[in-house]
Amino acid sequence: MNPFDFSGKTVLVVGGSSGIGNGIAQAFRAYGADVLVWGTRASAADYDGVEGSNLSGLAYTKVDVRNDAEVEDAAGRIPKLDVLIMAQGAVEYKRREFEMESFRRVIDVNLSSVMLCATTFHQRLKQASGSIVVIGSIGALKAVKGNPAYAASKAAVHALARTLGDAWGGDGIRVNVLAPGMVATKMTGVTVNNPDRLNAALGTISLGRLGTVEDMAGPALFLSSPLAAYITGQTLVVDGGRIL
């Protein structure tokens, strides 16, 4: 038996249109899963040419995860679900997260939508003895000086996953967090594309390089596989040693 054979399994990657989520979606597809992705643009064609986006072979739907009705409508078209990956994420730079409008927007995307999606798919995941993997951040474990909403929302997501893992363990649903460090994506461009900031960041990473979406995809596959059958409510840090 290949524990990474997801043939016949249905996987939804929320935020799977680009970045870490897209890398994870394509990894599940490579291992045989039927992969659905939710994103923010009107159609898959709107991601053509977008850095870090490859929607080939993925079933795309536009969903605003802050909107209960949109989530429920899109979820209603997914009759079965084995794995739910939640990679949706928002961050505001230039200290905008110190303003309440921006703070609330980041919390809505990074935290409230995670609870909304999890509860919406609870029964389907129960029927499948399924798995939830939430993309957290090492920002949940340390200060993020310019981004109070991002740090607070990710810390809360880690706590939420612990609680759901405990609450839903009896339903056969495992809930875990994958906490990346600095990964080269569009979201981290403010650092990746600034030589001074990039060099400073690299100096804090034990392995001496930025993470890639492929570095995140492997742990996501593991946490969703039978190899992780006795793991729930946990946070797996995947950061090349940066938190050290």
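From the list Leu111, Leu160, which residue is in contact (Cβ under 8 Å) with a residue 40 or more places away in the chain, over 13 Å from the mean Cα position of the chain (by Cα) and part of a helix (DSSP H, G or I)?
Working: Leu111 fails: over 13 Å from the mean Cα position of the chain (by Cα).
Within the list Leu111, Leu160, the selection yields Leu160.
Filter the stretch 44-55 down to the residues that are surrounded by fewer than 15 Cβ atoms within 10 Å (Cβ to Cβ) and more than 19 Å from the chain's Cα centre (by Cα), then identify the one that is modelled with the lowest pLDDT.
From the stretch 44-55, those surrounded by fewer than 15 Cβ atoms within 10 Å (Cβ to Cβ) are 45, 48-49, 51; that's our starting set.
Those still in the list that are more than 19 Å from the chain's Cα centre (by Cα) too: 45, 48-49.
Details: Ala45: 96, Asp48: 93, Gly49: 89.
My answer is Gly49.
Looking at (1) in contact (Cβ under 8 Å) with a residue 12 or more places away in the chain; (2) of a type in the set (D, E, K, R); (3) outside any helix (DSSP H, G or I), which is the only condition Glu214 fails?
Single failed check for Glu214: (3).
Filtering the stretch 21-35 down to residues that are of a type outside the set (S, T, N, Q) and touching a helix residue (DSSP H, G or I) at 6+ places or on another chain (Cβ under 8 Å), which residue is surrounded by the most Cβ atoms within 10 Å (Cβ to Cβ)?
Within the stretch 21-35, the subset of a type outside the set (S, T, N, Q) is 21, 23-25, 27-35.
Going one step further and asking which of them are touching a helix residue (DSSP H, G or I) at 6+ places or on another chain (Cβ under 8 Å), we end up with 23-24, 27-28, 31, 35.
Values: Gly23: 24, Ile24: 31, Ala27: 22, Phe28: 26, Tyr31: 20, Val35: 27.
Looking at the filtered set, the residue picked out is Ile24.
Looking at the structure I just gave you, is Gly208 touching a Ser or Thr at 6+ places or on another chain (Cβ under 6 Å) and either part of a helix (DSSP H, G or I) or over 15 Å from Val133 (Cβ atoms) (or both)?
Details: touching a Ser or Thr at 6+ places or on another chain (Cβ under 6 Å): no; either part of a helix (DSSP H, G or I) or over 15 Å from Val133 (Cβ atoms) (or both): yes.
No; evaluated as a whole, the condition is false for this residue.
Report yes if Leu125 is crowded, with 19+ Cβ neighbours inside 10 Å, part of a helix (DSSP H, G or I) and in contact (Cβ under 8 Å) with a residue 24 or more places away in the chain, otherwise no. Lay out the reasoning, then the answer.
Numbers: crowded, with 19+ Cβ neighbours inside 10 Å: yes; part of a helix (DSSP H, G or I): yes; in contact (Cβ under 8 Å) with a residue 24 or more places away in the chain: yes.
In short, yes.
Could you please find all residues in the stretch 192-234 being among the β-branched types (Val, Ile, Thr) and more than 15 Å from Ile20 (Cβ to Cβ)?
Hits for the stretch 192-234 are Thr204, Ile205, Ile231, Thr232.
Across the stretch 219-236, which residue is farthest from the chain's Cα centre (by Cα) among those that are under 19 Å from Ala27 (Cα atoms) and not in a helix (DSSP H, G or I)? If you could, list the steps in order and put the result at the bottom.
Filtering the stretch 219-236 down to residues under 19 Å from Ala27 (Cα atoms) leaves 219-228, 236.
Still in the list and also not in a helix (DSSP H, G or I): 225, 236.
Working: Ser225: 16, Leu236: 13 Å.
Across the stretch 219-236, the extreme among qualifying residues is Ser225.
Here are Ala140, Ala228, Ala156: which of them is touching a His at 6+ places or on another chain (Cβ under 7 Å) and surrounded by 14 or more Cβ atoms within 10 Å (Cβ to Cβ)? Quick ask: steps written out before the conclusion?
Numbers: Ala228 fails: touching a His at 6+ places or on another chain (Cβ under 7 Å); Ala156 fails: touching a His at 6+ places or on another chain (Cβ under 7 Å).
One residue alone meets the criteria, Ala140.
The values are calculated or read from the model by the stated rules, or taken from the named source; none is laboratory data. Because the structure is a prediction, the values reported are computed rather than measured. Counting neighbours? That spans all protein chains shown, and the Cβs are built from the backbone with ideal geometry, glycine included.
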